[in-house]
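For reference, the structure discussed in these notes is given below.
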């Protein structure tokens, strides 16, 4: 569902993606709108589902969660019962910060954020203890070249 947005909406979205903390007054001034016009546009963008929520982005390193693992999963199971359990595990496991069903040779890709390889091993043991997985492997991020939540609007 593509919503129709104009250049002013795009300016608002770019600024909010970079920093959602300024007041409506500050945001309005930066995009050269009145406070009320800016507020109405933000509310419309929220109502249309374009702005899902506003959050604080945390520093994983500062929280001793500096190890990112990309976990590749293949399964022989594709029935609703397995999928339901897998979705529940993904939803309820805080270490999993991203989960994707894939095309191609893999079935799923998980992005896992932990503090150490030992923490990853505990995550791994819990996961394989709860659900049948045909093949699982992980790669650890050595250097983050780019990470952004900003969409190119």
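Key figures for this structure:
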| read-out | value |
| --- | --- |
| Residue match in region 55-73 (condition: farther than 30 Å from residue 139 by Cβ and not assigned by the TED database to the domain that holds residue 99) | no |
| Within region 1-38, tally of residues that are free of Cβ contacts under 8 Å to residues at least 12 places away in the same chain and under 20 Å from residue 57 (Cα atoms) | 4 |
| Search result, residues across region 107-126 that are crowded, with 16+ Cβ neighbours inside 10 Å and assigned to a loop (DSSP other than H, G, I, E, B) | 107 |
| Some residue of region 24-34 being under 20 Å from the mean Cα position of the chain (by Cα), under 30 Å from residue 144 (Cβ atoms) and either modelled with pLDDT of 95 or more or assigned to a loop (DSSP other than H, G, I, E, B) (or both) | no |
| Enumeration of residues in region 38-49 that are in a helix (DSSP H, G or I) and surrounded by fewer than 14 Cβ atoms within 10 Å (Cβ to Cβ) | 40, 43, 46, 47 |
| Given (1) surrounded by fewer than 15 Cβ atoms within 10 Å (Cβ to Cβ); (2) touching a helix residue (DSSP H, G or I) at 6+ places or on another chain (Cβ under 8 Å); (3) touching a residue at least 60 places away in the same chain (Cβ under 8 Å), index of the condition residue 67 fails | (1) |
| Count - residues of region 127-153 that are part of a loop (DSSP other than H, G, I, E, B) and either over 30 Å from residue 82 (Cα atoms) or free of Cβ contacts under 8 Å to residues at least 40 places away in the same chain (or both) | 12 |
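For (1) more than 30 Å from residue 22 (Cα to Cα); (2) touching a strand residue (DSSP E or B) at 6+ places or on another chain (Cβ under 6 Å), each residue gets a yes or a no:
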{"residue": "38", "(1), (2)": "no, no"}
{"residue": "57", "(1), (2)": "no, no"}
{"residue": "61", "(1), (2)": "no, no"}
{"residue": "69", "(1), (2)": "yes, yes"}
{"residue": "80", "(1), (2)": "yes, no"}
{"residue": "88", "(1), (2)": "yes, no"}
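The values are calculated or read from the model by the stated rules, or taken from the named source; none is laboratory data. Worth saying up front: this structure is predicted, and the values here are computed from it rather than measured. For neighbour counting, all protein chains shown are included, and Cβ atoms are generated from backbone atoms with ideal geometry for every residue, glycine included.
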